[in-house]
1. Tell me which residues, restricted to segment 43-60, are in a loop (DSSP other than H, G, I, E, B), of a type outside the set (D, E, K, R) and surrounded by 13 or more Cβ atoms within 10 Å (Cβ to Cβ).
2. What number of residues within segment 77-95 are closer than 21 Å to H42 by Cβ and touching a strand residue (DSSP E or B) at 6+ places or on another chain (Cβ under 9 Å)?
3. Take I40 and tell me if it is part of a helix (DSSP H, G or I) and in contact with a Gly (Cβ under 7 Å, 6 or more places away or on another chain).
4. Just the residues that are polar (S, T, N, Q), within 14 Å of the chain's Cα centre (by Cα) and either at positive phi or surrounded by 15 or more Cβ atoms within 10 Å (Cβ to Cβ) (or both), please, taken from segment 81-108.
5. Can you tell me which residue among L77, L23 is surrounded by 18 or more Cβ atoms within 10 Å (Cβ to Cβ), modelled with pLDDT of 90 or more, closer than 19 Å to R95 by Cα and within 12 Å of the chain's Cα centre (by Cα)?
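The values are calculated or read from the model by the stated rules, or taken from the named source; none is laboratory data. Predicted, not measured: the structure shown is a model, and the values here were computed from it. Cβ placement follows ideal geometry from the backbone for every residue including glycine, while neighbour counts extend to all protein chains displayed.
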Amino acid sequence: MMAVTDDALAQLLAVPRVVYGYLRPEASDALEIAAWHKDIAHFCGEAGYQLAGVFTDRGVPHDCVKRAGLSGLLDVLALPETYGLVVPSIEHLSRDDTTLKILGLLISNTKAHIIVMDRA
């Protein structure tokens, strides 16, 4: 019978930290959005996160709370297997302090972590 080492057992029992990305580009530049997708995927791979998808709200004003992509994101952030949300910078959520507080509250209600790439 093969012996199982502590490291091997830890890897078998390790729960992947599932995350979702979120982008709110001011303009709909497809190349820029694709580059951000790639950056998020690279960041997640390096940090040990399992990226399950990226939600995008194109051209949505920074002070707007109701957003189609964000609504879908909030749904998946509430799933028990979701660890968190990855954004390239906090400005992808909002540049407006009041809006940022509201969005932060909505996200914190899901128990998901907010992971900001430019602060990592």
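1. V60
2. 11
3. Yes.
4. Once the filter is applied, which keeps residues that are polar (S, T, N, Q), within 14 Å of the chain's Cα centre (by Cα) and either at positive phi or surrounded by 15 or more Cβ atoms within 10 Å (Cβ to Cβ) (or both), segment 81-108 yields only T82.
5. The unique qualifying residue is L23.
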